[in-house]
Amino acid sequence: CEGGARACVCLVRPPGHHVARDGRTKIAPSQGFCLLNTVAIAGLEAVEALGATRVAVVDFDIHHGNGTEDILAGDERFFFASAHAFGGGTYPGTGGPTKKGAPGPAANVLNLPLKPPVRPAAFRSAIDKIAARLAAFGPDLLLLSAGFDGHRDDLADLGKLVAADYARCTATLLEAVNCPAVSVLEG
């Protein structure tokens with residue numbers, strides 16, 4: 001962030017959180033209008049070239065950040081969390097609850113699938129859980145994959161959130177860390 005600001009916003013297009021290492025993910029061959037995974041690229045650049053040692057990525061787009069998870073899962077320099085709609089054919093169909101006996105996500109991944117349409121109370125609860133894990137991780141950089149397609153007026157009709165819900169989400173996440181934060185527009 002320039003000028004010593006603690007947080008900044010990047011309004012980028014197209015979104016990127018569905019793009020995995022090879023440009024696609026195993027489960028969802030489509031890229032959901034995404035070309036480059038801007039947030040994953042920024043996180044990797046921060047660690048590999050800029051000296052960051054612990055980078056957290058929180059995705060609150062209504063769709064699971066499957067590409068970002070694919071890139072960061074298992075890399076202990078990163079913490080990835082996603083609060084997203086899951087069920088009823090919601091794209092991309094990933095990030096759901098772990099089935100009994102099946103392997104769960106990597107230790108550095110927290111997926112919080114929410115039944116659509118996502119309601120404010122469920123969203124707040126998920127963000128609070130993420131904030132607790134975020135604080136425990138203690139990142140030196142926080143990247144937010146900020147999607148607002150869970151808004152009640154979005155045509156996808158997957159959420160019932162309003163601007164105040166997103167404001168609380170961002171404030172809660174920023175309060176959980178003591179580091180710079182970059183919010184990148186997704187869906």
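The values are calculated or read from the model by the stated rules, or taken from the named source; none is laboratory data. The model shown is predicted, which means the values in this text are computed figures rather than measured ones. Cβ: placed from backbone, ideal geometry, glycine included. Neighbour counts: every protein chain shown. To get the accessible areas, we keep the full protein, side chains included, count just its heavy atoms, and leave off ligands, DNA and RNA. Shrake-Rupley method; radii C 1.70, N 1.55, O 1.52, S 1.80 Å.
Side notes on the structure shown:
- Qualifying residues in the range 10-37 (those that are at pLDDT 85 or above and either open to solvent by 100 Å² or more (accessible area, probe 1.4 Å) or of a type in the set (Ser, Thr, Tyr) (or both)) - the one nearest to THR94 (Cα to Cα): LEU36
- Residues of the range 74-85 classified as surrounded by 16 or more Cβ atoms within 10 Å (Cβ to Cβ) and either out of contact with any helix residue (DSSP H, G or I) (no Cβ under 9 Å at 6 or more places or on another chain) or outside any loop (DSSP other than H, G, I, E, B) (or both), total: 8
A quick yes/no check of all residues on (1) at pLDDT below 95; (2) open to solvent by 50 Å² or more (accessible area, probe 1.4 Å); (3) within 13 Å of PHE60 (Cβ to Cβ); (4) not β-branched (Val, Ile, Thr):
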site	(1), (2), (3), (4)
ALA122	no, no, yes, yes
ALA126	no, no, yes, yes
LEU143	no, no, yes, yes
GLY150	no, no, yes, yes
ALA164	no, yes, no, yes
LEU173	no, no, yes, yes
ALA176	no, no, no, yes
GLY187	yes, no, yes, yes
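- The single condition from (1) of a type in the set (A, V, I, L, M); (2) surrounded by 14 or more Cβ atoms within 10 Å (Cβ to Cβ); (3) out of contact with any Cys (no Cβ under 9 Å at 6 or more places or on another chain); (4) outside any loop (DSSP other than H, G, I, E, B) that ILE62 fails is (4).
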